[in-house]
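These notes concern the structure reproduced below.
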């Protein structure tokens, strides 16, 4: 199999889909890997590192794509007509294709081109898919990085310090949302010595929160989680009660980290302007839901807002801020997924060769977006029919 590794095209994207270590593994398995020049530079991997791992460097993107059976990238440029025309009909494209938010026309174009495509952000949250779960890997990094960003901006220490001049009280950190990112934020803040509290509408996560050294806020608001492990959106009445009960804990915190997301929807507002204005000047909020609109009413995605002395950080693409470990984790997930595809029956037949897959496998079925000239993803098909 001929594997092509793309250089990322989005401004500010520093990750790479395959690191040299992963390339070496694919080569050992008998595959040929060709890399677009400069693909790993932003993640601190020069072209020579890929050559040493057994890859070749393509003279151009057009030449790379013309020969590829499988094309790998984090966020392939689906909106670029030139990229689409360069993809070989029958090849497999794998990346974060964002089936819930990407324009459906782009998936239709992939199908018409005869491209088999898979989206790693559609990975089912089942036990045998954990080693391929890119979203969990990236959320782990985002949760860690959020605490570091807050510590850099907060004008006080995280840990308690006992000095000859007296005792310095530890920072009070509140984490809203105890998914993967929230749990990593809790663990990181606790390791830095802060007093950590956390809240999630799902009482089932309480034990995980407390096992990481945080106390769990018990509010009179509870929700359920989906079969995928995500929190379900609250009713309007429950959400208003949630905001009312969160007001006091938010006001008492030095740092608040928000992580609440609802797949395919705008992120819920957890901190209103009134709540921000009740916080002490010098406090810091890190809104990890900025790419989905934000959990903070005053957030401006990609910017830092100073509102009455309270800093509101709304960073975008947080894992890209630490590209080395982010790329390592992503590429491990990706190689495991490729191995699963091949083990479950991915093959190329016919002349010209077209990819064949086994849709009866849950992981394959849930991640497949286009196949045999059609859009097959149940995440995309409702939007094709005009349903949001």
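Where a number appears in this text, it was derived from the coordinates with a stated rule and is not lab data. Fair warning: this is a prediction, and the values are worked out from it, not measured in the lab. Note: ideal-geometry Cβ built from the backbone for every residue, glycine included; neighbour counts use all protein chains shown.
From helices alone, the chain scores -9500 deg cm²/dmol at 222 nm; the rule is -39500 (n - 2.57) for each run of n ≥ 4 DSSP H residues, then divide by the residue total. Taking a ≥ b ≥ c as the square roots of the Cα gyration tensor eigenvalues, with a/c under 1.5 meaning rounded and otherwise prolate when a/b beats b/c, else oblate, which class fits segment 307-388? Because a/c hits 1.5 or more and a/b fails to exceed b/c, segment 307-388 counts as oblate. Relative to the globular-protein estimate of 2.2 N^0.38 Å, the Cα radius of gyration of segment 1-95 stands at 0.98. For segment 141-321, the relative contact order is 19 percent, taking Cα pairs closer than 8 Å that sit 6 or more residues apart in sequence and dividing their mean separation by the residue count. Taking the longest Cα principal axis of the chain as reference, the axis of helix 134-153 is set at about 40 degrees.
Suppose a student asked you for the relative contact order of the chain, using Cα pairs under 8 Å spaced at least 6 residues apart; what percent would you report?
Numbers: 807 pairs, mean separation 67.9, N = 388.
Result for the chain is 17 percent.
Ordering 363, 271 by the number of other Cβ atoms within 10 Å of each residue's own Cβ, fewest first, gives 363, 271. Relative to the longest principal axis of the Cα atoms of the chain, helix 104-113 runs at roughly 20 degrees. If you average the C-alpha positions of segment 35-58 and of segment 135-192 separately, how far apart do those two centres end up, in angstrom? Centre-to-centre (Cα) distance: 35 Å. Compute the distance from the alpha-carbon center of segment 72-97 to that of segment 317-388, in whole Å. Between the Cα centres of segment 72-97 and segment 317-388 lies a distance of 12 Å. Of the options [x] 18.3; [y] 20.8; [z] 19.8, only one is mean projected area of the Cα convex hull in nm² as computed from these coordinates, and that is [y]. Enter the angle in degrees (range 0 to 90, nearest 10) between the Cα long axis of helix 236-252 and the first principal axis of the Cα atoms of the chain, meaning the one along which they spread out most. Tilt relative to the chain: about 60 degrees.
Quick one: which of 153-159, 292-298, 256-262 comes out on top by average Cβ neighbours within 10 Å, and what's the full order, highest first? Working shown, then result.
Numbers: 153-159: 15.6, 292-298: 20.9, 256-262: 26.4.
Per-residue mean Cβ counts within 10 Å order the peptides as 256-262, 292-298, 153-159.
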